Amino acid sequence: MTEETLFSKIATGEIPADIVFQDDRVTAFRDINPQAPTHLLIIPNKIIPTVNDITPQDEAVLGHMFIVAKKLASLEGIAEDGYRLLVNCGPHANQEVFHLHMHLFGGRPLGWMVKPVE
Ligand code: AMP
């Protein structure tokens, strides 16, 4: 069995979080250290550590994450102005929690996609 993660424990309610949406496939909650006025995390309830671990069987849940992201952007009132969906994978992307998650950022202009090299 795959080991539990911080985020799988949020999905089961074992660890508290500000959950904004949940169904049988995904959970969405507010990031504990928000980087924008809206900063949500959308996770599959199933533990998938990184994008490198996804399989063809995960296609439906991954697509569902986008459907939920669109719905939540609308509920947050940021759909028209725009927002950013971001998934970090591995050390070069500074992935900190090894349970696949999609960040949803919005509520202010978000700047360049990747910080330019200084
Ligand atoms: P990443 O760097 O893509 O792995 O992002 C992990 C995100 O999880 C960071 O933005 C953290 O602020 C967030 N985070 C860590 N612990 C929690 C928690 N208990 N509840 C909500 N968000 C969290």
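No value in this document is a laboratory result; all are computed from the given coordinates. Please read these numbers as outputs of a predicted model, since none were measured by experiment. Methodologically, a virtual Cβ is constructed for each residue, glycine included, from the backbone with ideal geometry; neighbour enumeration extends over all protein chains shown.
Structural remarks
- In this rough spin-label picture, where each label sits 7 Å from Cα along the Cβ direction, the ILE32-LYS70 distance is 3.2 nm.
- Placing +1 on the Cβ of every Lys and Arg and -1 on the Cβ of every Asp and Glu, with no other charges, gives region 44-117 a dipole of roughly 140 debye about its Cα centre.
- Expected 222 nm ellipticity per residue - DSSP helices of 4 or more, -39500 (n - 2.57), all of the chain, to 500: -6500 deg cm²/dmol
- Considering only GLY82, LEU40, HIS103, the residue lying farthest towards the positive end of the dipole of the chain is GLY82, judged by Cα position with unit charges set on Cβ.
- Set of lysines near LYS115 by C-alpha distance (under 26 Å), chain-local residues within fewer than 8 positions excluded: LYS70
- Separation of alpha-carbon centers, region 20-56 and region 86-109, rounded to whole Å: 9
- Three-way shape call for region 69-118 based on the alpha-carbon gyration tensor, with the a/c threshold at 1.5: oblate
- Once both labels are positioned 7 Å from their Cα atoms along Cα-to-Cβ, the gap between ARG108 and ASN52 label points is 3.3 nm.
- Applying 0.36 nm per residue to the separation of ILE19 and ASP81 and subtracting their alpha-carbon distance, the gain on full extension is 20.0 nm.
- 16 Å reach of a label modelled at GLU4, 7 Å along Cα-to-Cβ, counting backbone N of region 14-36: 14-17
- Rounded tilt (10° steps) of 59-75 against the dominant C-alpha axis of the chain: 40
- Among HIS103, HIS39, HIS92, residue whose mean-square fluctuation peaks in a GNM of the chain (springs only between Cα atoms under 10 Å): HIS92
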